[in-house]
Structures are given as structure tokens and as C-alpha cells.
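Structure record follows, encoded as C-alpha cells.
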Amino acid sequence: MAPSQSLDTIYTVNTPEGIDLQLSPAGPMPRMLAWMIDSLIRIVIYVITFILLAFLGSTGMGIALIITFVVEWFYPVYFELFKNGQTPGKKSLNLYVVQENGSPVTPSASMIRNLLRFVDFLPLFYGFALVSMLLTRRFQRMGDLVAGTVVLYKDDDTLLDSSKDNESEEINAIAPPVALQLEEQQALIQFQQRQKKLTAERAEELAGLSGLLVAEAKEGEKTKYLNGLSYWIAGKR
């Protein structure tokens, strides 16, 4: 008899550290609810903006339209890049955006997936997006397919959560000693996210490979030092 196939949508990716991550894509319904929450937040921002700038006449309306444009297109980009891939709507439903391989979403991918929202919206109320999600195993809309991104359910083992890390010791946020590129910041956060699946010895070994970045760290505390940097980058100060 042929082996039965799994009916769930969980898929596995292998990380450079040799860890198998199981990722669970979010379906259309929770994504729609998250979108509605984010839409309500943006509507409130628009209403307040127009009310506050109405007294400036046509000039105020022009400024309000510019603010509306910026918020509409860069609201999700900001949260995806600087808030662990979670807009307020996604966070309320325990969802987040990452690359298909489980790494943090890149600036170009975030821009692409959000600029293509106007295509996903067609022909009415994200009709193309719904069809695309129903036809793809990972529930990806067209913006996700082009950008190589996926929306996942949050897993406490793979998202930064300072309240559950190293409960026996307190880790303080540390400002990076040098300016870090966005890719380097993502690498630090990704290391912190995955180290729960590593032994302490293996994590310390990998931390030592960052070279000059851990030059100031004491022997045996390189992992803790990198965790402090990742906390600072993630805004947990």
C-alpha cells in the first residue's frame, strides 16, 4: 500500500545550522481578519489626519493626501521589517511574515509583496488573492509568490520572545558597537530565534564565528552577547 500523505500544510526547511524548522502557513480566514484590523487602524489614522489638517484648507488636504499615501503603502512595510514581520493585525492573530525559507523578510521582498496588493485586490475585495491562496499549498497570494514570502502562525520557539529565553539568567539589550547592515541585523535575530534548538555548546561555537563582533565578549558568554545585540535590534530595551 502507498503511504498516506499528510493533509496538513506544515512544511520543513533546513537551516544552515542543520536544524529542521517546521513552518505552518496561515490560511485565508486569519489573514483576512488581520487585514481587517490593520485596515481599521489605517482608517482611524486617515480620519484623524484629515480632521486635524482640515483647517488649513486645500493645503491641509494636500498634506493629508500625502500622509494617506505614505501610510497606505508603507504601514505594512515598516512593521514587517522592524517588528518581527508582524503588523498589529497579524500580531493580534499570532501571525507573521517571513521568507519561504523561514528567514526574516527582506526589504525588497516586503516592498514587492505590498506593492502588488493592488493586483491581489482585483477584481474586487482581493478576489485574485483569495483564488491564489486557495490554489497554493502555502496559502500565498500573488504578492507572496513574486516576493518569495509566506505568512505563518507564530511559534514561540522561532520568534524572539525575551520572556521565555534563558529563564535562569537575565539578558540585557546591548547597543551594537558598530553600524550593522540590515542583513547582519536579520542574521543576529535569526540566530537568536533558532538557538533554542541548539545545544549551548553549539550555539557558543556558532557565536564565536561572528569574529570581531564578539571581540568584547568574555569566553563562554558570546551567545549571551549576541542575544543582547538582537534584543537591541528588535527594540526590547
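Mind checking the full-extension length gain between S108 and V131? Use 0.36 nm per residue of separation minus the Cα-Cα distance, one decimal, nm.
On the way: separation 23, 0.36 × 23 = 8.28 nm, distance 2.44 nm.
So the chain would gain 5.8 nm between S108 and V131.
Which FRET efficiency value, to the nearest 0.05, is calculated for L122 and A173 with the Förster distance at 41 angstrom and r the Cβ-Cβ distance?
Values: r = 44 Å, r/R0 = 1.06.
The computed FRET efficiency comes out at 0.40.
Using the Cα gyration tensor of the range 60-127, with a ≥ b ≥ c the square roots of its eigenvalues, what is the shape: rounded (a/c below 1.5), prolate (a/b larger than b/c) or oblate (neither)?
Values: a/c = 1.87, a/b = 1.44, b/c = 1.30.
Since a/c reaches 1.5 and a/b is larger than b/c, the shape of the range 60-127 is classed as prolate.
At a 10 Å Cβ-Cβ cut-off, how would you order F128, F139, F118, fewest neighbours first?
Values: F128 17, F139 21, F118 10.
Least crowded to most crowded, the residues run F118, F128, F139.
Which of K222, K83, K90 comes first, and how do the rest follow, when ranked by fewest Cβ neighbours within 10 Å? Write out the running numbers ahead of the final one.
Values: K222 22, K83 15, K90 28.
Ordered by Cβ neighbours within 10 Å, fewest first: K83, K222, K90.
Do any of K83/K154; K83/K218; K90/K154 go past 20 Å between their Cα atoms, and which?
On the way: K83/K154 13 Å; K83/K218 30 Å; K90/K154 10 Å.
Check vs 20 Å cut-off fails for K83/K218.
Rank the residues S58, S230, S132, S24 as a footprinting-exposure proxy: fewest other Cβ atoms within 10 Å of their Cβ go first.
Numbers: S58 7, S230 27, S132 20, S24 15.
Neighbour counts put them in this order, fewest first: S58, S24, S132, S230.
Could I have the simple spin-label model distance between Y153 and F55, label points 7 Å from Cα toward Cβ, reported in nm to one decimal?
5.0
For the range 23-153, what does the equivalent ellipsoid look like in terms of its semi-axes, each the square root of 5 times an eigenvalue of the Cα gyration tensor, given largest first in whole Å? Walk me through the intermediate numbers first.
On the way: eigenvalues 163, 45, 36 Å².
So the three semi-axes of the range 23-153 are 29, 15, 13 Å.
Throughout, read-outs are computed from the coordinates displayed, never taken from laboratory work. In this text the structure is predicted, and so the values were computed from the model without any measurement. Here the Cβ is made from the backbone with ideal geometry for all residues, glycine too, and neighbour counts use every protein chain on show.
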